[in-house]
Amino acid sequence: MQTLSSPPAAAPEAAFDTKITRRRTRPVKVGDVTIGGSAPVVVQSMINEDTLDVEAAVAAIQRLHEQGCEIVRVTVPSMAHARALADIRTRLLQDYQPVPLVADVHHNGMKIALEVAKHVDKVRINPGLYVFEKPTSDRTEYTPEEFAKIGTKIRETLEPLVISLRDQGKAMRIGVNHGSLAERMLFTYGDTPEGMVESALEFIRICESLEFYNLVISLKASRVPVMLAAYRLMVHRMDELGMDYPLHLGVTEAGDGDYGRIKSTAGIATLLAAGIGDTIRVSLTEAPEKEIPVCYSILQALGLRKTMVEYVACPSCGRTLFNLEDVLHKVRSATSHLTGLDIAVMGCIVNGPGEMADADYGYVGKQAGAIALYRGREEIKRVPEAQGVEELINLIKADGRWVDP
């Protein structure tokens with residue numbers, strides 16, 4: 001017997017919105033860059049150079065910044081490294097320009113953090129390592145009293161740093177890593193996203209009790225499903241608690257090459273598409289400068305930032321009337337500096353005008369040996385294929401949208 005069901009309820013209009021609506025977060029200043037609020041998603045990376053080598057560190061920071069990295073992180077494993085940041089900052093001001101700097105502080109890092117807080121704009125701490133407790137092999141549980149005792153020690157150790165950053169108007173990133181959760185969190189919550197979130201919340205509450213709110217939160221993991229679950233749970237818990245801290249997104253230890261890029265994109269873009277995330281870092285086992293184009297490509301693909309020309313190109317097929325790959329390369333070489341434009345290169349007329357409807361300009365193979373040039377949906381002229389790129393440039397110039405490279 002056939003049963004009838006009620007028609008599905010209409011989906012909310014927002015479900016069909018083609019524009020990503022970002023989660024509302026508080027703005028946090030890092031030097032002259034704002035993370036969160038209404039600011040664009042911020043791109044950052046980290047130098048590989050030893051911070052003690054001031055000249056090499058300054059050069060690396062400058063390279064990254066010139067590539068488009070808006071915040072640069074350095075590691076400070078010792079007091080000497082922390083003091084070197086003073087020289088690095090001075091050299092940047094003298095020889096280049098101010099660059100927002102973040103210092104990474106790890107094992108038992110209170111003294112190092114207090115020193116480096118004088119010289120950088122943000123300090124990143126890892127809750128699992130900031131007060132490092134050596135694991136004991138014979139432990140079977142943490143009693144509530146033991147858990148609370150360590151919590152008290154964490155507060156005592158964190159408080160001077162919080163007060164220093166608060167009074168200087170600087171920021172802190174509470175950066176939880178799945179691979180370095182504190183032992184008591186592992187015993188209490190397991191090796192889970194819940195343990196990551198509770199680790200972050202413990203530090204957030206200490207900061208809030210001291211009236212310090214310039215916080216950025218991250219919950220990174222090397223496995224994408226864990227990373228996604230941790231950030232989603234963090235958002236859920238913050239919503240419950242009335243917190244609005246911006247989130248730093250990343251897949252840690254993503255590797256290199258295509259897979260490292262795909263893995264990072266799978267995690268970062270999934271969350272950004274849901275409106276989650278205010279700053280990103282793509283962590284590749286490659287030169288840090290290679291991370292920046294991936295970040296901007298993710299943001300451009302999602303329509304969150306316009307930092308390059310958007311090229312619309314068909315994959316080519318038997319209908320294609322010219323060497324599409326070669327022509328796309330020529331068009332890109334001639335126009336890639338025209339940031340903000342959308343340019344389509346289509347192999348034939350079958351899908352061309354429809355698929356490139358949102359482009360500013362179109363280059364379409366309409367008949368053998370001839371190219372049709374479009375402005376938006378309107379065909380402007382047909383030209384010999386050999387003159388196609390030159391005439392596209394002339395069309396852009398005629399519209400007053402050309403700038404010299």
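Name the single residue that is farthest from the chain's Cα centre (by Cα) among those in the range 43-55 being among the polar types (S, T, N, Q) and surrounded by 23 or more Cβ atoms within 10 Å (Cβ to Cβ).
That would be Thr51.
Does Met79 meet the test of being exposed (fewer than 14 other Cβ atoms within 10 Å of the Cβ), over 22 Å from Pro246 (Cβ atoms) and of a type in the set (A, V, I, L, M)?
It is true that Met79 is exposed (fewer than 14 other Cβ atoms within 10 Å of the Cβ), over 22 Å from Pro246 (Cβ atoms) and of a type in the set (A, V, I, L, M).
Among the residues of the range 61-69, is there at least one that is more than 21 Å from Leu161 (Cβ to Cβ) and assigned to a loop (DSSP other than H, G, I, E, B)?
So far as the range 61-69 goes, yes, one or more of its residues are more than 21 Å from Leu161 (Cβ to Cβ) and assigned to a loop (DSSP other than H, G, I, E, B).
Scan the range 379-405 residue by residue and report those that are without any contact (Cβ under 8 Å) to a residue 40 or more places away in the chain and farther than 15 Å from Gly365 by Cβ.
Within the range 379-405, Ile380, Glu390, Asn394, Leu395, Lys397, Ala398, Asp399, Gly400, Asp404 qualify.
Considering only the range 233-271, how many residues are in a helix (DSSP H, G or I) and closer than 13 Å to Leu284 by Cα?
Residues in the range 233-271 being in a helix (DSSP H, G or I) and closer than 13 Å to Leu284 by Cα: 9 in total.
For (1) crowded, with 19+ Cβ neighbours inside 10 Å; (2) modelled with pLDDT under 90; (3) touching a strand residue (DSSP E or B) at 6+ places or on another chain (Cβ under 7 Å), each residue gets a yes or a no:
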| residue | (1), (2), (3) |
| --- | --- |
| Asp342 | no, no, yes |
| Met356 | yes, yes, yes |
| Lys366 | no, yes, yes |
| Val403 | no, no, no |
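Which one of these is surrounded by fewer than 19 Cβ atoms within 10 Å (Cβ to Cβ) and of a type in the set (D, E, K, R): Lys220, Lys290?
Within the list Lys220, Lys290, the selection yields Lys290.
One line per residue, one yes/no per condition, for (1) among the aromatic types (Phe, Trp, Tyr); (2) touching a Leu at 6+ places or on another chain (Cβ under 6 Å); (3) surrounded by fewer than 22 Cβ atoms within 10 Å (Cβ to Cβ); (4) modelled with pLDDT under 95:
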{"position": "Ala57", "(1), (2), (3), (4)": "no, no, no, no"}
{"position": "Cys69", "(1), (2), (3), (4)": "no, no, no, no"}
{"position": "Arg73", "(1), (2), (3), (4)": "no, no, no, no"}
{"position": "Leu93", "(1), (2), (3), (4)": "no, no, yes, no"}
{"position": "Pro98", "(1), (2), (3), (4)": "no, no, yes, no"}
{"position": "Ile112", "(1), (2), (3), (4)": "no, no, no, yes"}
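The values are calculated or read from the model by the stated rules, or taken from the named source; none is laboratory data. Just so you know, these numbers come straight off a predicted model, no measurement behind them. Ideal geometry is used to build each Cβ from the backbone, glycine not excepted, and the neighbour counts take in all protein chains shown.
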